[in-house]
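The values are calculated or read from the model by the stated rules, or taken from the named source; none is laboratory data. Quantities reported herein were computed from a predicted structural model and do not represent experimental measurements. Cβ: placed from backbone, ideal geometry, glycine included. Neighbour counts: every protein chain shown.
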Amino acid sequence: MEHFNKFDYLEEATIFELQDTLQKEKVTSRELVMYYMYRIAMFDQSGPMINSIMEMNPDAIFIAEALDQERKLVGVRSLLHGIPVLLKGNIETNDKMHTSAGALALENHVSAKDAFLVQKLREAGAIVLGKTNMTEWANGMSASMWAGYSSIGGQTKNPYGDYFPGGSSTGSAASVAANFTSVAVGTETSASILSPSIQNAIVGIKPTVGLVSRSGIIPWSYSQDTAGPMARTVADAAILLSVLSGKDESDPATWKNASSKLDYTACLDEDGLSKATIGIFRNIPPEKYCDIGEYDEKLFNDAVAILKGSGANVIDEIEIPSFNRGWEYNKMNIEFKYSVERYLQNIPSHLPNTLQELIEWNEQNAEKALKYGQDALKYRSQQENQLKSLNYILESISDLYHSQNMGIDHAIEKYGLDAILFPSYVGADLCAKAGYPSIAVPAGFQDSGKAFGITFAGTAFSEPTLIRIAYAFEQKTKHRRMPNLKQ
């Protein structure tokens, strides 16, 4: 097995670097897949036991071999040709893997088709290496469940040490941070990409709802769900987003952006901070973030200083009227019940086909399935199952008005901003309710060794601007560093 150590120079290689190495025949996609599998065996499933991988694709090596041959005979399909990608465990694949959202009741569920985003990955020549662990039911199971735990996958750890791993796309973030893959796909309803990206010192993009198709993803909230890229660099995240985005006839959310399919690598501008106008948000509830180590004032001020020193027009201490508003969550709970129940009704009949059947199955298998109980699942199962209810309708339009008109858009228009800077993932909930994009970027490490990050946020479909700004910040700072898994 020492043979694979010769590929250690690829540990932090970007997709551009990997493609150059593949093109020069210094390594093959087959060897790259085997190298990542070796690292998973050594550090994920043994040694420090990061436990980020839920399942491996048994066909990955065969797929890699075919793509190696295609590279020689025909050429490459895209920048993802022959590049391994990991998928969060709630994304459907029609292959030899399962789609379970970490739930033991769905352990043997095999999807009838690929999610739309998986189709696009395969068409681009990416290799689906496996599926990552996640907080079970994307944190819809139990109020006391630790982030990154599922009854199938167990507990995912933070590769940097005994720190909060973030969730619910925990496995996707940890696997990227620990170099078990080049890039991964996560999903977010609120903070599920941004939180683990911040905690694991990687880049995560939560796109505008509708930029990436939701088809074939086990749902949580129709109004807020989206998939997005998780990577070690902004460039890699941009490459992956370019492939993931696009119109899907079966997902109406994607129709509004059908004409603006972009190559996001064109936004990688090292001078992207020059003349950008960025508003700094500091009005943070201390009990929510500061007291649990999610905020580091010095590192945040260092990040702001970098923006100023790079030519950005910085407007400090901006106000967002709706930020500390008391949000209701009836809408999301109703959508969870409706969407998950609809999903269960469309899977094979030998599996639970309603929330009540799922709850009963869990109780019958409590020793394995209910380490943290299922109080949240029971609570949501009791919600109104109607999208016509008064509370649902009013909260749906109220959320959009307060998060957009009196939230992100208000600040951007009032101060003439290109983007808003939040410490950590403080703005995640507001952006999620608005359906607006955010990008998390590493911003250093605290004295304890815990990773710290910042988030740039903007209005609908402002991904090109956010990528340009985040890339320039990343290139100025180079805060990303590898975890020491061999320690």
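Meeting the requirement of 1 or more residues that are of a type in the set (Ser, Thr, Tyr) and either closer than 27 Å to residue 166 by Cβ or in contact (Cβ under 8 Å) with a residue 60 or more places away in the chain (or both), the helices (runs of 4 or more DSSP H) wholly within the stretch 7-98 are 29-39.
Taking the criterion of being of a type in the set (A, V, I, L, M), at pLDDT 95 or above and under 30 Å from residue 475 (Cβ atoms), the residues of the stretch 246-279 that qualify are 266, 268, 273, 276, 278. Filtering the stretch 170-187 to residues that are closer than 19 Å to residue 213 by Cα and touching a Pro at 6+ places or on another chain (Cβ under 9 Å) leaves 172, 183, 184, 185, 186. Scanning the stretch 121-138 for residues that are buried (at least 24 other Cβ atoms within 10 Å of the Cβ) and either of a type outside the set (A, V, I, L, M, F, W, C) or free of Cβ contacts under 8 Å to residues at least 12 places away in the same chain (or both) yields 130, 131, 132, 133, 135, 136. In the stretch 374-396, the qualifying residues are those that are over 18 Å from residue 325 (Cα atoms), among the small types (Gly, Ala, Ser) and in a helix (DSSP H, G or I), and the one that is farthest from the chain's Cα centre (by Cα) is 381. For residue 154, are the conditions met, namely being of a type outside the set (S, T, N, Q), out of contact with any helix residue (DSSP H, G or I) (no Cβ under 7 Å at 6 or more places or on another chain) and on the phi > 0 side of the Ramachandran plot? Answer is yes for this residue.
Entry remark, the stretch 174-213: residues being assigned to a strand (DSSP E or B) and not charged (D, E, K, R) number 10 in total.
For the stretch 342-354, taking the residues that are under 14 Å from residue 101 (Cα atoms) and outside any loop (DSSP other than H, G, I, E, B), the one that is farthest from the chain's Cα centre (by Cα) is identified as 344.
The residues listed here are 429, 399, 409; of these, the one that is charged (D, E, K, R), part of a helix (DSSP H, G or I) and within 21 Å of residue 300 (Cβ to Cβ) is 429. Listed by first and then second residue, the pairs with beta-carbon distance under 7 Å, at least 6 apart or on different chains, first residue in the stretch 352-378 and at negative phi and surrounded by 14 or more Cβ atoms within 10 Å (Cβ to Cβ), second part of a helix (DSSP H, G or I) and of a type in the set (Lys, Arg), are 355/337; 359/378. Taking the stated definitions as given, is residue 171 surrounded by 24 or more Cβ atoms within 10 Å (Cβ to Cβ), in contact (Cβ under 8 Å) with a residue 60 or more places away in the chain and not in a loop (DSSP other than H, G, I, E, B)? When the stated conditions are applied, residue 171 passes them.
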